[in-house]
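Remarks on the structure that follows.
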DNA sequence: CGATAACTTGATGTGACTCAACTTAAGTGG
DNA sequence: CCACTTAAGTTGAGTCACATCAAGTTATCG
């Protein structure tokens, strides 16, 4: 069996993979999955390490299994802007291009299901159903990126902070369904203040001030740097400047 | 021949289409093109008219043949943010989704090669090569949107204005290769000040001030509201805060 | 040629960035 | 396990780029 091969997925079969159902792999037929097993392997990266540097030739692609990967763009002025965050089941890497315009960096300790880029590209051409799924995923991603661009551009910092808090609350809600079930209202922010600031298009100082303002207004309670309790969700939504419907759509991306 | 059919492309065959080579259609085989001819038809929209309203069920997709289409997102606060501009050969519409999250609006008078969405979706499933081309186009678009998000977020208004001017100068350069050949240094901005401002994430007032500042510094000359002459390109690049290499990559999107 | 929209210019207020000091948390080695 | 070091986060004061409100000017169109 493949499970004996060193480079194959340690889960033995992709169908046992934690993110299988949510990833594009779910569209693969039985023998296609077999093929994926052969070309994929698990890799881990510790927080802060570069998975793929901006402008460098890219050789691997795959799915995030655990942790958060940040997709960022460093400008000549030195400051980097985070243009995307990748969570478990999200696909990483730049298909069908020599190099990646952005750098992929581990925002937390990360586990990836990695594949050789060329091998996966060949796989996609042989399996139009999976490629179709990939196209749909990328169309969704495109909408999400555009929506986020609209938020970071037309809203105040407070609105962005409130939006992010709400979105992460929905996300961690799903994540913790089984694991000890912390309150629905505890938000886990795995990123550093700097990363959050870079993602929101602001500075750590301004971000901090806004978080403290929300805490003083009893909208949230700061448990520690990475954990918040939502005390007043409807008030948080008011601060976001969005409707609940819109927020839930954004969170589902 | 198809040319007799009312709804077919007036060019008779897609291969005679002005944007054929640059669009995804170029990947279609002979009989596939025949099929596209059957389901496509030309439609025109006058400046300001809505091609597809935000949140409404979308029924048509296709390519922009002439003019500029703006892709925008109206927030509850009233102000709209333009999240994308579509130029000739760009694909419009939201495939594989009930409705479009953004509104498509004619920023200038526009000619489209439109197709029924479901018909084109069926076509794509039957023609993996075209769908493959579509995926590649969407991956490129994703990079472009992210790069633009990084620009509008991390740069000053002046830098954004200079970047846009440069990008449009490269674009109109290509457009006018045959038509009376205006100078390489004449930039045509087909959009209104408000649209440009919405695209750059600023206001018409601030935009105007920056344009006037560039004119006073002899970097550009304002011929009229929609035409500018570039007097000092290297100075314009300095104002953009980007390297020429980066700007040219952005322009090629 | 008059009316309406588009664009420009001016004056003013403020949200957010910058620089800087301080506090708290997280590692590290003896 | 605790002192030590370094990073991460918070708070404060000052400044400035940009939004806003308002008035004027130039295009555009019936």
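No value in this document is a laboratory result; all are computed from the given coordinates. This is a predicted model, so every value here is computed, not measured. Methodologically, a virtual Cβ is constructed for each residue, glycine included, from the backbone with ideal geometry; neighbour enumeration extends over all protein chains shown.
Counting Cβ atoms of other protein chains within 10 Å of each Cβ in A:236-244 and taking the mean gives 1. Computed from label points 7 Å out along Cα-Cβ, the spacing between residue A:221 and residue B:21 is 6.7 nm. Distances, shortest first, from the label point of residue B:233 to those at the same position in the other copies read 5.6 nm; the point lies 7 Å along Cα to C-beta. Here the Gaussian network model covers chain B, with springs between Cα atoms less than 10 Å apart; of B:93, B:55, B:201, B:55 fluctuates the most. Copy-to-copy label distances for residue A:38, where each label lies 7 Å from Cα along Cα-to-Cβ, are 3.8 nm in order of increasing length. Quote the FRET efficiency, to the nearest 0.05, computed for residue B:66 versus residue B:119 with a Förster distance R0 of 25 Å and r equal to the Cβ-Cβ distance. Taking R0 as 25 Å, the efficiency between residue B:66 and residue B:119 is 0.65. For the segment A:131-143, counting C-beta atoms of other chains within 10 Å of every residue's C-beta and taking the mean gives 6.
Ellipsoid semi-axes for region A:2-138, based on the Cα gyration tensor and the rule √(5λ), read 26, 16, 13 Å when sorted largest first. Calculated FRET efficiency, residue B:238 to residue B:188, Cβ-Cβ distance, R0 = 22 Å: about 0.45 to the nearest 0.05. Which one, B:152, B:111, B:206, has the greatest fluctuation when you compute a Gaussian network model over chain B with C-alpha springs under 10 angstrom? Top of the fluctuation ranking is B:206. The smallest convex shape that holds all Cα atoms of region A:20-83, its convex hull, gives 113 Å³ per residue. For chain B, the fraction of alpha-carbon pairs lying more than 28 Å apart is 37 percent, rounded to a whole number. With N as its number of residues, region B:79-174 has a Cα radius of gyration that, divided by 2.2 N^0.38 Å, comes to 1.27.
Given contacts defined as C-alpha pairs under 8 Å and at least six residues apart, what's the relative contact order of region B:2-127, whole-number percent?
Relative contact order comes out at 31 percent.
How shielded is A:205-216 by partner chains, expressed as the average number of their Cβ atoms within 10 Å of its Cβ atoms? Mind dumping the intermediate values first?
Working: counts 0, 0, 0, 0, 0, 0, 0, 0, 0, 0, 0, 0.
Whole-number average of other-chain Cβ neighbours for A:205-216 is 0.
Shortest first, residue A:192 label-point distances to identical copies amount to 4.6 nm, with the label point at 7 Å from Cα along Cα→Cβ.
Assuming R0 = 25 Å, what is the FRET efficiency of residue A:144 and residue B:144, from their Cβ-Cβ distance, to the nearest 0.05?
0.95
Taking the Kirkwood radius as Rh and the Cα radius of gyration as Rg, the protein assembly as shown has a ratio of Rg/Rh equal to 0.97.
GNM on chain B, alpha-carbon springs under 10 angstrom: the most fluctuating residue among B:195, B:140, B:90 is B:140.
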